[in-house]
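What follows is a single structure, written as structure tokens, with notes after it.
Taken together, the values in this text are just the output of simple stated rules run on the coordinates, not laboratory data. Computed from a predicted structure; not experimentally measured. Quick reminder, even Gly has a Cβ in these numbers, built from the backbone with ideal geometry, and neighbours come from all protein chains shown.
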Amino acid sequence: MELRTAALDPAVDALLDTIPCAARRPRTVEDLPGGLTNRNLKVTNADGCCVVRIPAAGPDLLGINRDHEHANSVAAATAGVGAPVLHYRPGAGLTVGFLPGRTLTDADLHDPDVLRRVAAACRQLHAGPRFANDFDMFVAQARYRRIVAEHGFRLPPRYDEFAPLVARLRKALGPRVTVPCNNDLLAANLLDDGERVRIIDYEYSGNNDPCFELGNIWSEATLPLPLLDVLVTAYYGRRRPAQVARARLFGLLSRYGWTLWASIQDGSSPLDFDFWSWGMEKYDRAVAEFDGPDLEHLLAAARESD
């Protein structure tokens, strides 16, 4: 008898039968937690383990390009920091090799030693092959804002009031040199085996400023400011105050942009998840920084040379 710890409908079961590394029976199938735009299934059989990523149902308003995700996942694997890509079928999903290691948590990222391994993984990814596309949160945020308006999705109070400040951020953060970035480094997308960190999930990947990657890590894990300095110093190999300022501004931009991602998901996703509260936690922190005493200093520091 085949063992399953995931509830599979016939269509998913039939899909697994068509994926070479997942097809062999008997097999066990486990749901992996954390996917908000994919269903992630760990499949184990006599051929080994793989992870089948199946796009979530519902309207695709987020603009995720699955061909780019596939190409960039291959590039990340070539760089030695991503999982090997085993199978890809447009519309049906991506299958990657299962990587050993522990999925990190926000609490783990408060450990400077873990942060240094994360910085090393980012350097490795950023030094790898260029990705198939670019990612710019200024562009993404503007597109998300149009979608929110077109569909009448919820918008938090004062949101558009900060548009002039976002324009100033854009000016202070240019010109930008881009490298291949994941752009969505939640702790859950980082696997740590105790010696090195690997990076998974390339839905929002694209060539971007490395300080966006660092600032987004810091922001997503709600780390204290001294740990942003640890992360940036570990990445660059020495203290870089201007890059810390840039990373902090990119962290602010990411919170402002992902707020609209949450609004779109709140209004369109079939998943049973409180996207609105998730986004408002980010937005409240963004407002505190927009209104706070440090913004002018950060805008000036980001333009300095170090």
Cα-based shape type of segment 10-97, given that a ≥ b ≥ c are square roots of the gyration tensor eigenvalues and the cut on a/c is 1.5:
oblate
Net +/- balance of residues flanking Ala46 in space, Cβ distance below 11 Å, scoring K and R +1, D and E -1
+2
In whole Hz, what ³J(HN,Hα) sequence does segment 227-232 give by Karplus (6.51, -1.76, 1.60; θ = phi - 60°), x for Gly and Pro?
6, 5, 5, 4, 5, 5
Hey, fewest Cβ within 10 Å first, where do Thr103, Thr259 land in order?
Thr103, Thr259
Which of Ala288, Ala245, Ala56 moves most in a GNM of the chain, Cα contacts under 10 Å?
Ala288
Mean separation of Cα contacts under 8 Å (6+ apart) over length of segment 10-97, as relative contact order %:
22 percent
Give the order of Val51, Val139 when sorted by the count of other beta carbons within 10 angstrom, beginning with the fewest.
Val139, Val51
Explain nothing, just the number: dipole magnitude of the chain about its Cα centre with +1 on each Lys and Arg Cβ and -1 on each Asp and Glu Cβ, in debye rounded to the nearest 20.
780 debye
Of Thr95, Gly63, Gly34, which is farthest along the charge dipole of segment 1-119 in the positive direction, counting Lys and Arg as +1 and Asp and Glu as -1 at C-beta?
Thr95
With a 10 Å cut-off between alpha carbons and a GNM built on the chain, which of Val12, Val197, Val52 moves the most?
Val12
Taking other Cβ within 10 Å of each residue's Cβ, how do His87, His70, His151 sort, fewest first?
His151, His87, His70
Length-normalised contact order of the chain in % [C-alpha pairs under 8 Å, at least 6 apart]:
17 percent
Among Glu195, Glu281, Glu69, the residue with the largest mean-square fluctuation in a Gaussian network model of the chain built from Cα contacts under 10 Å is Glu195
